[in-house]
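S.K.: Please read through the structure below; I'll follow up with questions.
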Amino acid sequence: MQWKPNTTVAAIIEQEGRFLMVREDTADGIRLNQPAGHLERGETLLDAVRREVLEETAWHFVPQALVGVYLADRAGSNITYLRFAFCGSPLAEEPDRALDDGILAAVWMTAEEIRASAALHRSPAVLASLEDYLAGQRLPLTALRRLTP
């Protein structure tokens, strides 16, 4: 059997010096993450990140750049994640929209607050991608291409 990583997307969304994060109930307890989730069959990476942000935060999201691609093994398992982290802008919120199962709240946090809560991060990619974003790392969305037969 061929090994395949789980492909995920995540969004780094900054507004007025704060970042949109989610508190989620996981098998490992309550964790902090960027809005993130799995790529679904038939989706583009950009479709997936827009959908995940809306489902987890009730915010519409406009991706503007790819911050980085992160390969991370989940501790104590055979699972590996290949995470595409995007940055962009919040467009509009749907305040009455129900959030995905397991999402306890969408919260705005400073970079310092996110760093201070590293023990609660869902993955090491949370802080790695935030630090890359803060360092100015950006790749154009034109670097992403979907090829179909």
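The values are calculated or read from the model by the stated rules, or taken from the named source; none is laboratory data. Worth saying up front: this structure is predicted, and the values here are computed from it rather than measured. Glycine gets a Cβ as well: all are built from the backbone with ideal geometry, and neighbour counts include every protein chain shown. Heads up: the accessible areas ignore ligands, DNA and RNA and are worked out on the full protein's heavy atoms, side chains in. Shrake-Rupley method; radii C 1.70, N 1.55, O 1.52, S 1.80 Å.
S.K.: When residues of the stretch 36-77 are filtered for being within 16 Å of residue 7 (Cβ to Cβ) and assigned to a loop (DSSP other than H, G, I, E, B), how many remain?
M.R.: Qualifying residue count, the stretch 36-77: 7.
S.K.: Looking at the structure I just gave you, is residue 123 under 26 Å from residue 43 (Cα atoms), crowded, with 19+ Cβ neighbours inside 10 Å and at pLDDT below 95?
M.R.: So residue 123 passes the test.
S.K.: If you go through the stretch 100-120 one residue at a time, how many are over 20 Å from residue 15 (Cα atoms) and either part of a helix (DSSP H, G or I) or open to solvent by less than 80 Å² (accessible area, probe 1.4 Å) (or both)?
M.R.: Residues that pass the stated criteria total 6.
Residues are listed down the side, and each one gets a yes or a no for (1) within 21 Å of residue 145 (Cβ to Cβ); (2) open to solvent by 40 Å² or more (accessible area, probe 1.4 Å):
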| site | (1), (2) |
| --- | --- |
| 9 | yes, no |
| 18 | no, yes |
| 30 | no, yes |
| 59 | no, no |
| 90 | no, no |
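S.K.: Kindly check whether there is at least one residue in the stretch 73-81 that is at pLDDT 95 or above and among the acidic types (Asp, Glu).
M.R.: No, that holds for no residue.
S.K.: Something else about it: Residue 82 is checked against (1) open to solvent by less than 60 Å² (accessible area, probe 1.4 Å); (2) farther than 21 Å from residue 6 by Cβ; (3) of a type outside the set (S, T, N, Q) and fails just one. What number does that condition carry?
M.R.: Going through the list (1) open to solvent by less than 60 Å² (accessible area, probe 1.4 Å); (2) farther than 21 Å from residue 6 by Cβ; (3) of a type outside the set (S, T, N, Q), residue 82 breaks only (2).
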